[in-house]
There are 2 protein chains.
Amino acid sequence: MKLYDLSAGANPRRVRIFLAEKGVEVPKVEVDMMKGENQTPEFLALNPLGRLPVLELDDGTILTESVAICRYFEELHPEPPLFGRTALERAQVEMWNRRMELEIMVPAAMTFQHTHDFWKGRLEQVPAWGEQCRDKVMERFAWLDSELAGREFIATADYTVADITAQCGILLGKAVGLRVPESLANLTAWWERVAARPTARA
Amino acid sequence: MKLYDLSAGANPRRVRIFLAEKGVEVPKVEVDMMKGENQTPEFLALNPLGRLPVLELDDGTILTESVAICRYFEELHPEPPLFGRTALERAQVEMWNRRMELEIMVPAAMTFQHTHDFWKGRLEQVPAWGEQCRDKVMERFAWLDSELAGREFIATADYTVADITAQCGILLGKAVGLRVPESLANLTAWWERVAARPTARA
């Protein structure tokens, strides 16, 4: 098994934190996006979308999409469960993981891609769209803060993949100045809790 | 159990097709978005994001996000499996369901929201972003066509939730003129296969 990785990538980081929480080590191959290594014919044969991470199984089967890779490891290494313990919890983790992805991580990524100098010339930026996404992330921080009242973690009583997605989304936002305001006490306390985990820097 | 539904919505349709494939009936409450019924205090108490569908369990527990609702029904009614039969298949369904959502359904929705008259005044449209998404969908149709060579369904040998997501994404695209070109023979044949299922109009 081999994990094609990108150290600086928000999605690859989701998988790295997930594996660290499981205590699982997988051989990694760093793909240098800055050098265009994700656009070579060899890499596109693995993932025609040119994205990371990619998991290659020993028989050559390819899995892309961080959450799909995480789910596969959840089945191989069920403990500790990071997708919920019961049918209802698993649905709640799916709900919260999607909310964290669609409401925070994706708009943070859009803000980065459409407003940051790094992407200038690498894609056709639409700054007005980036700014709309920036506002959305800040609104969602306030919403998430209210949802976290009285809760230690996002989806269930335990740390789950939904927390990982939120962590990676917030880290990504920091690159474009999207910071959780201190006035959002629940979200700030949650962030301190998850950032203090030994896996947070994976 | 009660399903808050929106007949014309692409996400609610995912759940309706899923339930029809399972042969499960759930009492539905239609929420009229045109009349703003998804923005009333009562509805926002169910889902602060104002989105549909929403599943309310008998004890009042709320599940939002179509895929989370589908996963819950998959556990309650495992047959026929629509999320895969083995650990690897379940990861492949997750991968393909996400690809269909992120590469086709979401950009089709963005094209609709940012270029269609229906949304004028309802949200701050960024037409340049909508057009970029339109191009992306057409590119992804070509990619999906090549992926479908020799395959009957999108993720595994069986019809799965990934096919449902692709169906609903393509239906949504039709509203803004995004049509699968006949020259894409594999995708066209797949579409004919899934559109002929008795559940396609659910």
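The values are calculated or read from the model by the stated rules, or taken from the named source; none is laboratory data. Since the model is a prediction, treat every value here as computed from it, not as a measurement. Cβ atoms come from the backbone with ideal geometry, glycine included; neighbour counts cover every protein chain shown.
Points to keep in mind about this one:
- Residue A:8 being small (Gly, Ala, Ser) and either under 30 Å from residue B:57 (Cβ atoms) or touching a Lys or Arg at 6+ places or on another chain (Cβ under 9 Å) (or both): no
- Any hit, the range A:173-182, residues being without any contact (Cβ under 8 Å) to a residue 12 or more places away in the chain and assigned to a helix (DSSP H, G or I): yes
- Those residues of the range B:157-172 which are part of a helix (DSSP H, G or I) and of a type in the set (A, V, I, L, M, F, W, C), in sequence order: B:161, B:162, B:164, B:166, B:168, B:170, B:171, B:172
- Boolean, residue B:96 is touching a residue at least 60 places away in the same chain (Cβ under 8 Å) and out of contact with any Asp or Glu (no Cβ under 8 Å at 6 or more places or on another chain): yes
- Residue check, residue B:61 more than 21 Å from residue B:153 (Cα to Cα) and surrounded by fewer than 20 Cβ atoms within 10 Å (Cβ to Cβ): yes
- Among residues of the range A:115-129, those that are in contact (Cβ under 8 Å) with a residue 40 or more places away in the chain and either surrounded by 20 or more Cβ atoms within 10 Å (Cβ to Cβ) or not assigned by TED's automatic domain parsing to the domain that holds residue A:176 (or both), counted: 1
- Residues (closer than 21 Å to residue B:121 by Cβ and surrounded by 12 or more Cβ atoms within 10 Å (Cβ to Cβ)) located in the range B:11-38: B:31, B:33, B:37, B:38
- The listed residues are A:197, A:151, A:193, A:201, and the only one of them that is on the phi < 0 side of the Ramachandran plot, of a type in the set (Lys, Arg) and part of a helix (DSSP H, G or I) turns out to be A:193.
- Of all residues in the range A:25-43, those that are touching a helix residue (DSSP H, G or I) at 6+ places or on another chain (Cβ under 7 Å) and not in a loop (DSSP other than H, G, I, E, B) total 2.
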